[in-house]
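Enquirer: Structure incoming, see below.
The values are calculated or read from the model by the stated rules, or taken from the named source; none is laboratory data. Remember, predicted model here, so these are calculated numbers, not experimental data. Using ideal geometry, Cβ is built from the backbone for each residue, glycine included, and neighbour counts are taken over all protein chains shown. The accessibility values were calculated without ligands, DNA or RNA, using every heavy atom of the protein model including side chains. Shrake-Rupley method; radii C 1.70, N 1.55, O 1.52, S 1.80 Å.
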Amino acid sequence: TYMLSAWFPLLLERGGMTMVEAVKTTAGFGLGGTIGGIFLGLLAARLGGLVLALAYTIGAAALVMIGFSGGVVLTTMLLAALAGAMIPGGHVGNTVIAARIYPP
């Protein structure tokens, strides 16, 4: 997550985006993480860790698809938001699962 947040703008710019587009895409990654964290936290509390395995798989696939997006800005932004919702959002779900496993 740190690597994506820190290097995403530079990688996107070198991939052909303007700096403004790259920063907006990275912001979408962060916003997706916030929204995804809320939903994945709730789902993990109800359904357990399998939800997180699926979320991380979807997030990884979204990251790979960014490489095949052909530089289409809107597609890249949507995929970045999806990756953010699944990967950093999944970290919130990890906290929920840990709270269920380990006693206070």
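Enquirer: Can you tell me how many residues in the stretch 62-78 are among the small types (Gly, Ala, Ser) and loosely packed, with under 14 Cβ neighbours inside 10 Å?
Expert: 3
Enquirer: Hey, another quick one. For the condition open to solvent by less than 60 Å² (accessible area, probe 1.4 Å) and of a type in the set (D, E, K, R), what is the one hit in 21, 13?
Expert: 21
Enquirer: Hey, can you tell me all the residues within the stretch 25-60 that are under 20 Å from residue 11 (Cβ atoms) and surrounded by 14 or more Cβ atoms within 10 Å (Cβ to Cβ)?
Expert: Across the stretch 25-60, the qualifying residues are 25, 26, 27, 28, 29, 30, 31, 32, 33, 59.
Enquirer: Another question, then. Need pairs with beta-carbon distance below 6 Å; first residue free of Cβ contacts under 8 Å to residues at least 60 places away in the same chain and closer than 14 Å to residue 71 by Cα and within the stretch 13-36, second part of a helix (DSSP H, G or I) and not aliphatic (A, V, I, L, M); sequence gap 6+ or separate chains.
Expert: That search, which allows pairs on different chains as well, returns 19/13; 22/9; 22/13; 25/76.
Enquirer: While we're looking at this one, here's another question. Identify, by number, the condition in (1) in contact with a His (Cβ under 9 Å, 6 or more places away or on another chain); (2) part of a loop (DSSP other than H, G, I, E, B) that residue 16 doesn't meet.
Expert: (1)
Enquirer: Within the stretch 78-92, does at least one residue satisfy the condition of being more than 13 Å from residue 33 (Cα to Cα) and in a helix (DSSP H, G or I)?
Expert: Checking the stretch 78-92: not a single residue is more than 13 Å from residue 33 (Cα to Cα) and in a helix (DSSP H, G or I).
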